[in-house]
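The values are calculated or read from the model by the stated rules, or taken from the named source; none is laboratory data. As the structure is a prediction and not an experimental result, all values here were calculated from the model. Note that we place each Cβ from the backbone using ideal geometry, even for glycine, and neighbour counts take in every protein chain shown.
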Amino acid sequence: MRKLSIIKELRSFLLLWSSQTVSQLGTAMTDYALIIWVYERSGTASSVTMLTMCAFLPTILFRFLAGTFVDRKDKKRIMLITDLIAACGSLSVLLLYSGAVLEVWHLYVINIILSFMNSFQVSASYVATSLLVPKKHYARVGALSGISGSVIAILAPALGSILLVFGGLRMVLIVDLTSFAVAFLTLLLFIRIPKTPLEEKKEQESFWKSSQEGIRFLKDSKALLHLTLFIAVVNLFAKLGNDGMLAPYILGRTGNDQKILGLVQAFTSAGILLGSMLMMFRKPARRKTRLIFITCAIILSGDLFLSVTEIPAIWCIAQFGTYAVAAIMNIHLNTLMREKVPITMQGRVFAAQDTLKNCTNPLGLFLGGILADYVFEPFMKTESTLQKPLSVLFGSESGSGIGLLFFIVGTLGMLISITRLKKKVYRELDLPEPASEENANGEKNLPATDREGLENP
């Protein structure tokens, strides 16, 4: 009976989540197929990197504006429009490819446009989830999102490869467009998302002033700001470590063995899946910030295990374990933000937090490549007084320099994470929230200040 009650309370979210998962799987298969097409067409790694950057940077740069727009406008309409534009992107690629005129630069332009729209889609989806889900299920829906993400990561390369073999890029794009239709029609016809128009006072504010409220909220909540900046540091270390440099490290250590790389990446996705599934059946920790710091230390310890061995089985175990922990950490961080930020401000605050914590990702990717190619790899291949003892632990062949980089990053990251446990500034985030009442349908009865800004459809 309890399971039926939970399903009833999450009915709208489950419809949204399942249909969006289908669409995201189609998109992931297209992304995989296009990377292969670009590499075969250009033969350079930089062209693939540029494709990734075009899909990444606009989302970060415009997230602030998107968050403000989402807080002011209808979330469902935003999601429908951005989904439609994404479908137009896939359709454009299909038409260009079918006409034998598709060029790599076309994909750069399309990815920039889609990444810009994605900043609105992600913010709208975040707030929509908070509106559709009772507070007591925040961690559970976070786990579901983690499960779908890991399943997509596992299935997309396999299914994309199969479709490429039997139908080519054209078939992949057709499947992507079909999956979009499923998600679009489900959202349009079967899901009602409550509206959260801003109060009259906020409507009178300029758009730019309103967009700054996300940052002001974080500045006023010192603990949330410090936590966000800590995650930004962790993300920097992650991109300097195995999250950003796993492929060159594994390929360097194994003589360019792509099968081993694929196996390690599969165990990474499987770890995320396990961690997310565990959170489906467990309540989130009461002291969430403490758990976040401990899990971050464990996650970064994975770099140490990767760096000191050349045994693929240990790489797989390390990735599986640390990414299972990473899923648990992300779910607790997501739940904490939903609990601490009023729904009427979540678009702006989420945008501000997401921009701050992810702004170090490009820097980490850039520095990782530079340090590996021009500092650590040459250092470990040249005999010196310092290199000799280090080569006993890390070796001196290709990949040993990245291994040393992993060891340094992992050690520093663990120390920073553990020292956060003693900082008093975070303790207020672990104070219990005031009890929120819910009606028989599982809908939240908000405090008066929040209720005034809500309008049921």
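Points worth noting:
- Among the residues listed as ALA87, ALA28, ALA33, the single one being within 20 Å of LEU189 (Cβ to Cβ), of a type outside the set (Lys, Arg) and not in a loop (DSSP other than H, G, I, E, B): ALA87
- Every residue from region 358-375 that is surrounded by 18 or more Cβ atoms within 10 Å (Cβ to Cβ) and of a type in the set (Ser, Thr, Tyr): THR360
- Any chance ASN361 is touching a helix residue (DSSP H, G or I) at 6+ places or on another chain (Cβ under 7 Å) and modelled with pLDDT under 85: yes
- Every pair of residues 6+ apart whose Cβ atoms lie under 8 Å, when the first sits in region 274-291 and is under 16 Å from LEU224 (Cα atoms) while the second is of a type in the set (Val, Ile, Thr): LYS288/THR335; LEU291/ILE328
- Highlighted here are the helices (runs of 4 or more DSSP H) found entirely within region 192-294 that include at least 2 residues which are at pLDDT 85 or above and either crowded, with 17+ Cβ neighbours inside 10 Å or in the same structural domain as ALA352 (by TED's automatic domain parsing) (or both): 213-220, 222-240, 242-254, 258-280.
Table: residues versus (1) assigned to a helix (DSSP H, G or I); (2) assigned by TED's automatic domain parsing to the domain that holds ILE231; (3) at pLDDT 85 or above; (4) buried (at least 17 other Cβ atoms within 10 Å of the Cβ).
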position	(1), (2), (3), (4)
GLN346	yes, yes, yes, yes
VAL349	yes, yes, yes, yes
LEU356	yes, yes, yes, yes
GLU377	yes, yes, yes, yes
SER384	no, yes, yes, no
SER398	no, yes, yes, yes
ILE402	yes, yes, yes, yes
THR411	yes, yes, yes, no
MET414	yes, yes, yes, yes
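- Failed criterion for SER130 (all others in (1) farther than 30 Å from ALA266 by Cβ; (2) modelled with pLDDT of 90 or more; (3) part of a helix (DSSP H, G or I) hold): (2)
- Residue within region 329-339 that is in the same structural domain as LEU218 (by TED's automatic domain parsing), surrounded by fewer than 18 Cβ atoms within 10 Å (Cβ to Cβ) and within 30 Å of SER210 (Cα to Cα) present: yes
- For region 80-101, filtered to residues that are polar (S, T, N, Q) and farther than 18 Å from THR59 by Cβ, the residue that is surrounded by the most Cβ atoms within 10 Å (Cβ to Cβ) is SER92.
- Single unsatisfied condition, ARG41 versus (1) closer than 19 Å to VAL127 by Cβ; (2) of a type in the set (D, E, K, R); (3) in contact (Cβ under 8 Å) with a residue 12 or more places away in the chain: (1)
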